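The structure appears below as structure tokens.
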Amino acid sequence: MHSDHVSVSDEPLSIALAQIHVEAGAVDRNVDRALEALSDAAARGADLVALPEMFTVGYFAFDRYDRHAEPVEGETFSRLREAAADHEIAVLAGTIVEDLEATESVPTPADEGLANTAALFDAEGDLQLIYRKHHLFGYESAESELLVPGDRLETATVGGLTVGVTTCYDLRFPGLYRRLVDAGVQLLLVPSAWPYPRIEHWETLARARAIENQCYVATINGSGTFNGDGGEVTLLGRSSVYDPWGVTVASSGDAPTTVTAGIDLETVASVREEFPALRDRRF
């Protein structure tokens, strides 16, 4: 489905997945696109807007990471926090390259180095959650060489739902999601920079995480093409929302777009009651 706006009927919590175009190293333009998407989502009545992984510098722009790193208190998160309060909308600030040494207001996994970091702000602009990507990608990627893995799993409450965050490659490690569902998570947000050609992995893994944990999973991917040592890499888009049955509630193609969907707390409860697989776990 390729369109400028993909939506389904309103539900108790309306979420918007901002599949913005991400340019390598063009931080100002990328952040402006993020703020525009945030404003648009708020105007459409969304309660929560989520941005992609490395929406500032571009995931595959590895040579730009160091020069564009900033602390949690830096300009990007500050602008998004202020916009969240101005528009009265919760914001998952996708991920940025965090300068761990410069961060002062929250615990860090190391005294120095860089991290792949997401922040969740509520509709008042208050920080509710920090998530640093736990599993760093090594396949045709410099991420595992450049970054420090996260070591904390936090949850937050948005619109009465318990929300957790993971990032991209984390989708391949189901144990992480078990820990989050044990913490009460009903909605998982997954900012990503998932490239072609691994479409089947992208869709299958996210759907599996929804089915096995009986929760909503929303995957927020970027749009754009990057040139690097390994050649051209294109993000496959396809930001999607899966319900606790693994059914696709809303999704997109690979072009810039906004995907909206309703998240119903009662659906999570009813699926877990009707098909109590989580209660039947032995490990």
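Every number here is computed from the coordinates shown, using simple stated rules; none is lab data. Remember, it's a predicted structure, so these values are computed and weren't measured experimentally. Positions of Cβ are generated from backbone atoms using ideal geometry, with glycine treated the same way; all protein chains shown enter the neighbour counts.
Structure notes:
- Separation between Cα centres of the stretch 38-107 and the stretch 153-227, rounded to whole Å: 18
- With the simple spin-label model, which puts each label point 7 Å out from Cα in the Cβ direction, the residue 178 to residue 248 separation comes to 2.9 nm.
- Backbone N atoms of the stretch 30-56 closer than 18 Å to the 7 Å Cα→Cβ label point of residue 126 belong to residues 48.
- For the chain, the Rg and Dmax computed from alpha carbons only, in angstrom: 17.2, 51
- Sorted peptide list for 193-200, 71-78, criterion being average Cβ within 10 angstrom, highest first: 71-78, 193-200
- Sequence-ordered 3J(HN,Hα) estimates for the stretch 19-31 from the Karplus curve with 6.51, -1.76 and 1.60 and θ = phi - 60° stand at 7, 7, 6, 10, 9, 4, x, 8, 4, 4, 5, 5, 5 Hz, glycine and proline given as x.
- For residue 152, distant residues with modelled amide H under 5 Å away: 132
- Full-stretch length increase - residue 280, residue 266 - with 0.36 nm per residue and alpha-carbon distance subtracted: 3.0 nm
- 12 Å beta-carbon shell around residue 74, net charge (K/R +1, D/E -1): -4
- Taking amide H atoms as placed 1.01 Å from N in the peptide plane, the amide H of residue 129 lies under 5 Å from those of 120, each 5 or more residues away in sequence or on another chain.
- Coupling constants for the stretch 178-186 follow from the phi torsions by the Karplus curve (6.51 cos²θ - 1.76 cosθ + 1.60, θ = phi - 60°), and in residue order they are 4, 4, 6, 5, 5, 8, x, 5, 10 Hz; glycine and proline get x.
- Computed FRET value (nearest 0.05) for residue 198 with residue 151, which takes r as the C-beta separation and R₀ as 22 Å: 0.25
- Of all DSSP beta bridges confined to the chain, the antiparallel ones make up roughly 65%.
- 3J(HN,Hα) along the stretch 170-175: 3, 4, 7, 10, x, x Hz, from the Karplus curve 6.51 cos²θ - 1.76 cosθ + 1.60 with θ = phi - 60°, whole Hz, x for Gly and Pro.
- Legend: ranking of residues 202, 245 from fewest to most surrounding C-beta atoms inside 10 Å; resulting order 245, 202.
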